[in-house]
Amino acid sequence: MDLSLTETQKAVQDTAREFATRVIAPVAREIDEKERFPREILKGLAELGLMAVNVPEELGGAGAGVVSYALAMQEIARACASTAVTMAVTNMVGEVIAAFGSDEQKARCCAKLASGEWIAGAFALSESEAGSDPGGMRTVATKDGTDWVLDGAKQWITSGAHAGVMVVWARTADRATHPGTRGISCFLVEGGTPGLKVGRAEDKMGIRGSNTVPLTFDGCRIPESALLGQLHGGFKIAMMALDGGRIGISAQAIGIARAALEESVRYALERKQFGKAIAEFQAIQWKLADMRTQLDASHLLCMRAAWLKENKREFSREASMSKVYATEAANRIANMAVQIHGGYGYIREFAAERHLRDARVTMIYEGTSEVQRVVVARSLLT
Ligand SMILES: Cc1cc2nc3c(=O)[nH]c(=O)nc-3n(C[C@H](O)[C@H](O)[C@H](O)COP(=O)(O)OP(=O)(O)OC[C@H]3O[C@@H](n4cnc5c(N)ncnc54)[C@H](O)[C@@H]3O)c2cc1C
């Protein structure tokens, strides 16, 4: 595996880094404090091609590939994890539509997501009683004439209040005839469709500038053409999308961890106790060394998973390994960053506490750490 970056990958990384440093980082604290959905920043990301990095150019995307996407995600998350998760879900939605959509769906949705005309996309799989086990979903889609009618509720939907389009999963066949996950289909629902109600935004520990809402579908009528992929074949689409999404969340965690490490190095060199910089104490040096080592390991796992996906190889296990390691490492790293900052790590004035709060969710969404281990173990045992 060649770890050197192509011209395109380098250009995407540089573009994302420049925008993140100049535009996003200065307002990241304010986005977190005010729980502000960063609309103008998302628009800026779209203008740079970062809302559809791995969507083919002919559909309006950047067509820059999975490695480029993972690199860009790291840069954005380093500045603001809230912005990064919104970008991650929108990229995932664009990729799902590009991969499984009809020509009409691709033409209608991909360019709007890529250009920022639709400020975000949403991925509506989880329900209040069906998180790690989405096959247990209760939302149903029933045929009425040529339309589909959606009834049910989704939980924890990122950007649900702002999304131009959402990918929604629902049961289309009875469990008796289609047991397990076989009777689940996937639909495209545009924001503002009658019968779709957006609930109150969750008050979260971290990524507070991202929007997380419950959605209710109450007789929500959508045309036959809203079906994405095969009838009853939706679960496979969800699993494939999540495999790819896990690379994005690994990259998000790496970005957060990088910011935590960089701030720790800076602080350790500046802060003096016992008449010298705390960086001179071996206890601090070892923390920094551990942080850097775990960060690099995370990055290598992430790059391997991205490279495999980009080169159309099997990548599901590697994506899960990358996610479980990178997200747990990010939590350790962010925690060590708070420790290195001492009391100042515990207050809002320094970014260390935000990084720790932001890192926490990466071990939960797009499949918990436990679920990633289930995926890895299953691949070893079957
Ligand atoms: C901020 C945020 C944003 C989110 N955004 C989205 C989104 O955009 N779209 C979407 O569809 N969902 C989204 N989610 C939902 C997220 O994917 C779920 O929260 C996650 O999959 C876990 O489901 P759960 O919360 O129901 O926990 P549960 O599934 O109830 O799990 C509870 C605990 O049990 C463990 N557990 C469950 N099953 C097993 C098992 N088989 N083996 C071992 N341990 C197990 C879990 O790991 C966890 O520790 C979001 C969640 C959050 C917090």
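Read-outs: derived from the displayed coordinates by stated rules, not from any lab. What you see is a predicted model, and the numbers here were worked out from it, not measured in a lab. Backbone-built Cβ (ideal geometry, glycine too); neighbour counts: all protein chains shown.
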Legend entry - Highest-MSF residue in the chain out of Gln13, Gln282, Gln252 [GNM, Cα springs under 10 Å]: Gln282
Legend entry - 30 Å Cα-Cα threshold exceeded, pairs from Lys10/Lys312; Lys34/Lys312; Lys204/Lys272; Lys143/Lys323; Lys106/Lys197; Lys287/Lys309: Lys34/Lys312; Lys204/Lys272; Lys143/Lys323; Lys287/Lys309
Inset, instruction - Please arrange Leu45, Leu295, Leu188 by counting, for each residue, the other beta carbons lying within 10 Å of its beta carbon, fewest first. - result: Leu295, Leu188, Leu45
Legend entry - Alpha-carbon Rg/Rh ratio, for the range 253-335, with Rh computed the Kirkwood way: 1.15
Inset, instruction - Taking the Cα centre of the range 239-381 as origin, work out the dipole magnitude from +1 charges on Lys and Arg Cβ and -1 charges on Asp and Glu Cβ, in debye rounded to 20. - result: 80
Inset, instruction - Have a look at Ala337, Gly191, Leu300 and report the one farthest towards the positive end of the charge dipole of the chain, computed about the Cα centre with Cβ charges (Lys/Arg +1, Asp/Glu -1). - result: Ala337
Inset, instruction - Specify whether the C-alpha gyration tensor of the range 123-232 places it in the rounded, prolate or oblate class, a ≥ b ≥ c being the square roots of the eigenvalues: rounded for a/c under 1.5, otherwise prolate if a/b is larger than b/c and oblate if not. - result: oblate
Inset, instruction - Starting with the fewest neighbours, write out Phe187, Phe274, Phe281, Phe235 ranked by other beta-carbon atoms found within 10 Å of each beta-carbon. - result: Phe274, Phe281, Phe235, Phe187
Inset, instruction - With a/c under 1.5 counting as rounded, go ahead and sort the range 84-153 into rounded, prolate or oblate using the C-alpha gyration tensor (a ≥ b ≥ c being the square roots of the eigenvalues; past the cut-off, prolate if a/b is larger than b/c, else oblate). - result: oblate
Legend entry - Cβ charges +1 (Lys, Arg) and -1 (Asp, Glu), total dipole of the range 118-184, debye: 120
Legend entry - the chain: relative contact order in percent, alpha carbon pairs under 8 Å with at least 6 residues between: 16
Legend entry - Under Karplus coefficients 6.51, -1.76 and 1.60, residue-wise ³J(HN,Hα) of the range 144-155 in Hz, glycine/proline x: 9, x, 9, 8, 10, 10, 9, 9, x, 9, 10, 10
Inset, instruction - With viscosity set to 0.692 mPa s and temperature to 37 °C, compute the Stokes-Einstein D of the range 239-381, Rh being the Kirkwood radius across alpha carbon pairs; µm²/s, no decimals. - result: 210
Inset, instruction - Would you please report the Å³ per residue occupied by the convex hull of the alpha carbon atoms in the chain? - result: 135
Inset, instruction - Identify which of Arg39, Arg78, Arg208 has the largest mean-square fluctuation in a Gaussian network model of the chain, with springs joining Cα atoms closer than 10 Å. - result: Arg39
